[in-house]
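Data block below; observations after.
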Amino acid sequence: MLRNILLLSLIFTFSVSCDLEEFTGYRVSSVRLSESVQISGRVTNYYTDDPVYLAHIRIGAREVFTDYQGKFFIQYVLSESEKRNKPTTVEISADKYFPFKDKIYLSGMNNNFDFSIKYAAPIVKNTVLVETAYLSNEYYCQAIVMDYQGIHTVNKVVGVFFSKEYPKDSLQYPLKLRQTVSQREGYYQVLIRFTKWKPTRYYIKVNDRDGYEDRLWHGINPYIPDEFLFDPLLN
């Protein structure tokens, strides 16, 4: 009789435990953790594995930024639910990266987590301004642009030009895609004739369909002229 009572008691306890796990999401069998734990880790670029500097990390109610190596450290006080090993939300944001969100489980022993986040913005890899041999003050402006989401996601490539002689003036010219080099990279170009003044510096601005942007400044040295990045007569 006593054996039957004990057996029924065990079955009931197991059944309730399973129901609680299913209902609450807690791992009932887990060991209760200490009040405070250390959380550390590293944030890297998904595509290059480079560290992400000044990535903003939010774990529960705590916030911290990564250092120049992409590393972070948090002294974290566990909530009641986290003590029972319920997952904790992690949110990461960084300039020119897609927002990142995930769940982690905290323990009393090892809380080291590495995260890879995806770079979102287009990249201006290089640009030149080359004077033609045909007309005075006529230039080819070229740029090599890439985007990890695909070169087709690039909306607009614009050159913005300045002159020391006219510091309040600027001229803008859109560059057109001349050749798709790969799924992620393209050659852009525009032929410009400067009638009022010659530029002394400029930048290339690129926007993509997600609203991300990149700029690359370029100074013009009259004693060391630029050379073409690619054949200007590409079809």
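Tabulated results
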| item | result |
| --- | --- |
| Only listed residue being assigned to a strand (DSSP E or B) and either under 15 Å from the mean Cα position of the chain (by Cα) or assigned by TED's automatic domain parsing to the domain that holds LEU175 (or both), chosen from TYR76, TYR139 | TYR139 |
| Whichever residue in the stretch 156-205 is over 25 Å from the mean Cα position of the chain (by Cα) and aromatic (Phe, Trp, Tyr) and, among such residues, is surrounded by the fewest Cβ atoms within 10 Å (Cβ to Cβ) | TYR166 |
| GLU185 out of contact with any strand residue (DSSP E or B) (no Cβ under 8 Å at 6 or more places or on another chain) and among the acidic types (Asp, Glu) | no |
| The lone exception for ARG184 - which of (1) under 17 Å from ALA120 (Cβ atoms); (2) touching a Leu at 6+ places or on another chain (Cβ under 8 Å) it fails | (2) |
| Any hit, the stretch 58-67, residues being surrounded by 18 or more Cβ atoms within 10 Å (Cβ to Cβ), assigned to a strand (DSSP E or B) and outside the structural domain of GLU213 (by TED's automatic domain parsing) | yes |
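The values are calculated or read from the model by the stated rules, or taken from the named source; none is laboratory data. Since the structure is predicted, the reported quantities are computational estimates derived from the model, not experimental observations. Glycine also receives a Cβ, built like all others from the backbone with ideal geometry; neighbour counts cover every protein chain displayed.
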